[in-house]
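Undergrad: First the structure, then my questions, so here it is.
Every number in this text was worked out from the coordinates using simple rules, so none of it is lab data. As the structure is a prediction and not an experimental result, all values here were calculated from the model. Every residue, glycine as well, gets a Cβ built from its backbone with ideal geometry; the counts of neighbours run over all protein chains shown.
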Amino acid sequence: MYVYSGTYRQCTCGQETPLKDDAGNILRTGDIVMSYTVNNFGVANFDGLTVVVSDEWQSYSDGTHIKKEGAPEAFVMGIKDCDLELETGNYPEFVWRVRRVKRFEDVIAGEQWKDFGFNYSGT
């Protein structure tokens, strides 16, 4: 099964990543997570649901998908270039955190999260 952003294939579900959620759980591609920020006063702001993906595939306008060469880079969709903070304590201006809310194993082909910009397909 694959994760898509619209018709763009992001990744194959189930690949282990170096990413962890705020509870220390290792995240896999296809895991649904909630993202939030914590400011320097320890106040959290919920930013919505998103998904763990990688840059494994190149998609084309004709509908074809070609697997890229080399090791894919895993990231949380929507906050690709942000480090995920695990520790609590003295915060900088704000830090990004995620919490897994649904494992990739519990997702079904055809599941759509249109409001959050991703969906799952077996093809």
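Undergrad: Any idea what the dipole of the stretch 2-121 comes to, in debye rounded to 20, about its Cα centre with Lys/Arg Cβ at +1 and Asp/Glu Cβ at -1? Show your work: numbers first, answer last.
TA: On the way: 12 positive and 19 negative charges, 56 e Å.
My answer is approximately 260 debye.
Undergrad: With labels modelled as points extended 7 Å from the Cα through the Cβ direction, what inter-label distance (nm, one decimal) is found for T7 paired with S121?
TA: In this crude label model, T7 to S121 measures out at 0.8 nm.
Undergrad: In addition: So how far apart, in nm, are the two label points at D83 and A44 if each is 7 Å from Cα heading toward Cβ?
TA: In this crude label model, D83 to A44 measures out at 2.1 nm.
Undergrad: Another question about this same structure. Highest first, please rank the peptides 104-114, 50-60, 73-83 by the mean number of other Cβ atoms sitting within 10 Å of their residues. Working shown, then result.
TA: Values: 104-114: 12.9, 50-60: 19.7, 73-83: 15.0.
Result, highest mean first: 50-60, 73-83, 104-114.
Undergrad: Taking a virtual spin label 7 Å from the Cα of E105 along the C-beta vector, which residues in the stretch 54-69 bring their backbone nitrogen under 12 Å of it?
TA: So the set is empty, nothing qualifies.
Undergrad: Here is a further query. Identify all lysines with a Cα-Cα distance to K20 below 20 Å; exclude those on the same chain that are fewer than 8 residues away in sequence.
TA: Filter leaves K80, K102.
Undergrad: Are there chymotrypsin sites (Phe, Trp or Tyr not before Pro) in the stretch 4-54 that DSSP marks as loop and that have at most 13 other Cβ atoms within 10 Å, and which are they? Show your work: numbers first, answer last.
TA: Details: sites: Y4, Y8, Y36, F41, F46; in loops: F41.
Passing sites in the stretch 4-54 are F41.
Undergrad: Also: Quick one: Debye curve from the C-alpha atoms of the chain, no solvent, what's log10 I(q)/I(0) at q = 0.10, 0.18, 0.21 Å⁻¹?
TA: Rounded to two decimals, the profile gives -0.31, -0.91, -1.16.
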